[in-house]
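Just below is one structure, and these are the notes that go with it.
The values are calculated or read from the model by the stated rules, or taken from the named source; none is laboratory data. What you are looking at is a predicted structure, and each value in this text was computed from that prediction instead of being measured. Neighbour counts run over all protein chains shown; Cβ positions are idealised from the backbone, glycine included.
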Amino acid sequence: MASEEEKRRQRERFGDQIRHLVPRDEVQRRKQKAKAKRGALRDKAARRRRDWDEDDAGFEKMRPRVPDPGNPAAAAGAKLSHAVVVGVHRGHVELDDGRAARIAPALLTDPDFALAVGDDVGIVASDDVVRIAAVSPRRTWLVRPDPGNAHRRLVLAANVDVAVVVVAAADPPLRPGLVDRFLVALGSGGVVPLVVVNKIDLVSLAAAHALDRTLAPYAELGVNVLRCSAVANEGIDTLRGAIAGKTCVFVGHSGVGKSALLNALDPGGHRRTGAVNEHHGRGRHTTTSSRMWLLGDGTRVIDTPGVRAFGLGNVDPEVLRTGFPDVVAFASSCRFRDCSHRDENECAVRTAAASGALSAARYRSYLRILAND
Ligand code: GDP
Ligand code: ZN
């Protein structure tokens, strides 16, 4: 028979054992507790992400595209403030807050990556160095083939609401073909066109009627066409109203009066956004000499002095159709479903152009762009 002392020791040993042998319900309890803790951590992270999104409302789900390994703040998902690119140079870009920013090296590893004027970027600043760590998806864009490399496209402007396609009523003579090319490029980039016919002071009454006939197809397409004179200050208020508060890009042949229009729109003198820097290198990441200006009323204007003859390069037929809805409208009556409307038999588009139901000038433009002429 064990003594009381022995029983006590047995109880102690047993107690030790049950402390190591955790009962089943206790295991369950601990598992649930760990699960709850993981859930709480997940919620906390989600909350942090949500706050971040709300802070950057309008930044369209922007995420650091590639975190900058050289910048711990970016890598840790630090809050990015956002800015708009107003000028692109070799190795740096100018931002709308006047600062120059470097592009994070990680972003530069993508050979097709190039920032454009108008890009919405996420920046991190540390020790006076501003770095671009992310780029939000472009809403709209205006691209043209790179004259130096047929396989590349240059983004002339990004996130533009309206493109002001400036032509002159005379001196230089109006070339509707150029307008047609712009409409294709703008249509494929989601930019709304606004055609401005400047130098209206130069045309006689007879010439004005001819001009009306030339411009009629655009009005029929639903494109807004304004007649202006920068010199006589005609139609300038209407133009100012049409672009007020928007981001727009001015495109058109040189000499048509783009600068004169900008000056007329903002007689106080439009400001360059950001710092003035005329240097335009020719590096891989120097895309265009586009520049964003700020008018007195807050309208942002992107000037693209590089645009002369606007080559489109090889245009995908699908893209071509977006710029020629008036041509497409007749295509369903063509004999062949895949009719190019060039020289096929029983082509309803060709017939329409011959009868005048479709503008012959528009049809010629269509054929020239199709032929990459
Ligand atoms: P840009 O190359 O498109 O910027 O064209 P500019 O603004 O430099 O204008 C080219 C020339 O056209 C200049 O000599 C201007 O004075 C002239 N010009 C601009 N707008 C008008 C206009 O509305 N009427 C007339 N008659 N001349 C204009
Ligand atoms: Zn056809």
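Data table
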read-out: Those residues of the range 317-373 which are part of a loop (DSSP other than H, G, I, E, B), of a type in the set (A, V, I, L, M, F, W, C) and within 27 Å of the chain's Cα centre (by Cα), in sequence order; value: Phe324
read-out: Subset of the range 317-373 (residues that are free of Cβ contacts under 8 Å to residues at least 60 places away in the same chain and among the charged types (D, E, K, R)); value: Glu318, Arg321, Arg335, Arg337, Asp338, Arg342, Asp343, Glu344, Glu346, Arg350, Asp373
read-out: Test: residue in the range 275-292 that is outside any loop (DSSP other than H, G, I, E, B), at pLDDT 85 or above and within 13 Å of ligand 1 (Cβ to nearest atom); value: no
read-out: Options Val143, Val195: the member that is in contact with a strand residue (DSSP E or B) (Cβ under 8 Å, 6 or more places away or on another chain), hydrophobic (A, V, I, L, M, F, W, C) and under 21 Å from Ser259 (Cβ atoms); value: Val195
read-out: Asp326 being surrounded by 12 or more Cβ atoms within 10 Å (Cβ to Cβ), more than 16 Å from ligand 1 (Cβ to nearest atom), within 22 Å of Leu178 (Cβ to Cβ) and not basic (Lys, Arg); value: yes
read-out: Residue count, the range 113-145 (criterion: buried (at least 16 other Cβ atoms within 10 Å of the Cβ), outside any loop (DSSP other than H, G, I, E, B) and not aromatic (Phe, Trp, Tyr)); value: 15
read-out: Gly235 on the phi > 0 side of the Ramachandran plot, touching a Cys at 6+ places or on another chain (Cβ under 7 Å), among the small types (Gly, Ala, Ser) and more than 16 Å from ligand 2 (Cβ to nearest atom); value: yes
read-out: Residue ID - nearest to Val327 (Cα to Cα), chosen from residues in the range 200-244 that are in contact with a Gly (Cβ under 6 Å, 6 or more places away or on another chain) and outside any strand (DSSP E or B); value: Cys228
